[in-house]
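The values are calculated or read from the model by the stated rules, or taken from the named source; none is laboratory data. All values reported here derive from a predicted model rather than from experimental measurement. Cβ placement follows ideal geometry from the backbone for every residue including glycine, while neighbour counts extend to all protein chains displayed. Surface areas here come from the heavy atoms of the whole protein model, side chains and all, with no ligands, DNA or RNA. Shrake-Rupley method; radii C 1.70, N 1.55, O 1.52, S 1.80 Å.
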Amino acid sequence: MKKYLALLALSVSFSSVASAQQDPKAGKILDQMSAKYKAMKAFKATFTQTLENDAAKVKENLSGDITVSGPKFRLKMSGQEVINNGQTMWTYMKSENEVNVSDYEPDEQEVLPSQIYTLYKKGYKYSYAGEAKEGGEVVDVIELSPEDRSNPMYKVRLKIGRNDKAVKSWQMYKKNGNRYTYRISKFVPNAPVDATTFNFDKTKYKGVKVIDLR
């Protein structure tokens, strides 16, 4: 039921952050970036995920889109659709025409897709790693490292637009050699959402098998 978390490689753990250890320049950029997204009622992003493992000679690309409003999100990726309204989570598998329904119980071992813009606020040290260019734009590169050494993720690298403070891409590095890169190809601020956006309507999925795990 949590396949989408594996696909997105967003499984990490948290511990408390000592602010005195943080890079103030990186912190200022991250705060500006986070404030930008928090000010939006909702947003929608289309992205590409690339999984690479040099040792295993693996390179795989997946595409998807996500709509986010606060803690709520609707994610479509690789034949799956995951909908979270903050209380209930639906995981729909297109190939099986099946949806699993469960209570949403936040797990501190996981980072949901809607949390990439606040990830730095708990459990990570951050530092400014210089500037680069992304799609012809100047970006600031920020690196996050988990304080918990048992974390399977050892580094997260964010590229944030110098002018608009928008996240252009990010990379997650795992100790097993997997490297995940996410690039935003289209971004819609203040995307229109309504009461149906973050709820599963089985009438729109003819013949769907509902498995209620609550």
- Hey, can you tell me all the residues within the stretch 145-165 that are of a type outside the set (Ser, Thr, Tyr) and either over 16 Å from Leu119 (Cα atoms) or crowded, with 19+ Cβ neighbours inside 10 Å (or both)? Pro146, Arg149, Asn151, Met153, Val156, Leu158, Lys159, Ile160, Gly161, Arg162, Asn163, Asp164
- Task: Only residues that are assigned to a strand (DSSP E or B) and small (Gly, Ala, Ser): list them for the stretch 167-191, please.
- Result: Ser169, Ser185
- Among the residues of the stretch 37-52, how many are aliphatic (A, V, I, L, M) and in a loop (DSSP other than H, G, I, E, B)? 3
- Task: Scan the stretch 122-145 residue by residue and report those that are modelled with pLDDT under 90 and within 20 Å of Tyr182 (Cα to Cα).
- Result: Gly135
- Query: Does any residue of the stretch 115-135 turn out to be surrounded by fewer than 16 Cβ atoms within 10 Å (Cβ to Cβ), touching a residue at least 60 places away in the same chain (Cβ under 8 Å) and assigned to a loop (DSSP other than H, G, I, E, B)?
  - Reply: yes
- Message: Ala55 - would you say it is farther than 25 Å from Ile211 by Cα and either without any contact (Cβ under 8 Å) to a residue 12 or more places away in the chain or part of a loop (DSSP other than H, G, I, E, B) (or both)?
- Response: yes
- Quick one: how many residues across the stretch 179-214 are open to solvent by 30 Å² or more (accessible area, probe 1.4 Å), at pLDDT below 95 and of a type in the set (S, T, N, Q)? 4
- Can you tell me which residue within the stretch 16-53, out of those that are of a type in the set (A, V, I, L, M, F, W, C) and modelled with pLDDT under 90, is farthest from Lys121 (Cα to Cα)? Ala20
- Task: Quick one: Thr46 ticks every box in (1) more than 20 Å from Ile184 (Cβ to Cβ); (2) surrounded by fewer than 16 Cβ atoms within 10 Å (Cβ to Cβ); (3) not hydrophobic (A, V, I, L, M, F, W, C) except a single one, so which number is it?
- Result: (1)
- Query: Name the residues in the stretch 82-105 that are among the acidic types (Asp, Glu) and modelled with pLDDT under 95, would you?
  - Reply: Asp103, Glu105
- Restricting the stretch 61-87 to residues that are touching an Asp or Glu at 6+ places or on another chain (Cβ under 8 Å) and without any contact (Cβ under 8 Å) to a residue 24 or more places away in the chain, the one least open to solvent (accessible area, probe 1.4 Å) turns out to be Lys76
